[in-house]
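Working notes for the structure below.
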């Protein structure tokens, strides 16, 4: 398997970025879900700080993934796929990128409007250029709870499309981002 992307499939670096982003999103959703169930207190605060740290890690990985994507070729479109499916695929991919960045910066704004910097696993903190503002913090908090629904819908479409290609069309779409091209279209 190539480190860089080829005309036929994604390289190992792209695959690592892809699956790392998914893993980070799952971890963040799990932490957020667990923290919302807790009453105010030290345990909830620790989970919120952990969630924020993973958010900064996701920002770094997602940014590195985009840079890597811009520096590499993208595997060719599969010729048997109709144009409308390519359009939907691009829309979902761009939607996921946009919503993940929006959610990360929304979380950073939430910290800033609460008067805090965003921690990174206790190593350092990152500020965000907003002043403390309780009303804005409340609005940002509401949005921070809604945006994951949009991300999950887009992620669901992405996963269903990959499974559709793999099990129904029996083509190499999923293999290009997992084990590599073997048999199939």
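Here, each number is a calculation from the coordinates, and none is a lab measurement. Here the structure is a predicted model, which is why all the values come from computation and not from measurement. FYI the Cβ positions are ideal-geometry reconstructions off the backbone, even for glycines, and counts take in every protein chain you see.
Worth a mention:
- Based on Cα contacts under 8 Å between residues 6+ apart, segment 37-185 shows a relative contact order of 21 percent.
- For segment 132-185, the fraction of alpha-carbon pairs in successive 10 Å shells from zero, as %: 23, 28, 18, 15, 12, 4
- Between residue 80 and residue 170, full extension at 0.36 nm per residue minus the direct alpha carbon distance yields a gain of 31.2 nm.
- Helical mean residue ellipticity (222 nm; -39500 (n - 2.57) per DSSP H run of 4+; nearest 500) of the chain: -22500 deg cm²/dmol
- Distance between modelled label sites at residue 43 and residue 150, nm, 7 Å Cα→Cβ extension: 3.3 nm
- With the simple model of a label 7 Å out from the Cα in the direction of the Cβ, residue 158 to residue 34 spans 2.3 nm.
- For the pair residue 8 and residue 143, a Förster radius of 30 Å applied to the C-beta separation gives a FRET efficiency near 0.15, rounded to the nearest 0.05.
- Calculated diffusion of segment 96-178, Stokes-Einstein form, Kirkwood radius summed over Cα pairs, 10 °C and 1.306 mPa s, µm²/s: 106 µm²/s
- Between residue 181 and residue 63, the modelled labels are 3.4 nm apart [label points 7 Å from Cα along Cα→Cβ].
- Degrees between helix 42-71 axis and first principal axis of the chain (Cα, 0 to 90, nearest 10): 40 degrees
- Our summary of shape: the Cα atoms of the chain have principal axis extents of 54, 28, 27 Å, ordered from largest down, in whole angstrom.
- Between segment 6-23 and segment 138-185, the alpha-carbon centres lie 13 Å apart.
- Length gained on full extension, residue 93 to residue 116, computed as 0.36 nm times the residue gap minus the Cα-Cα distance: 5.1 nm.
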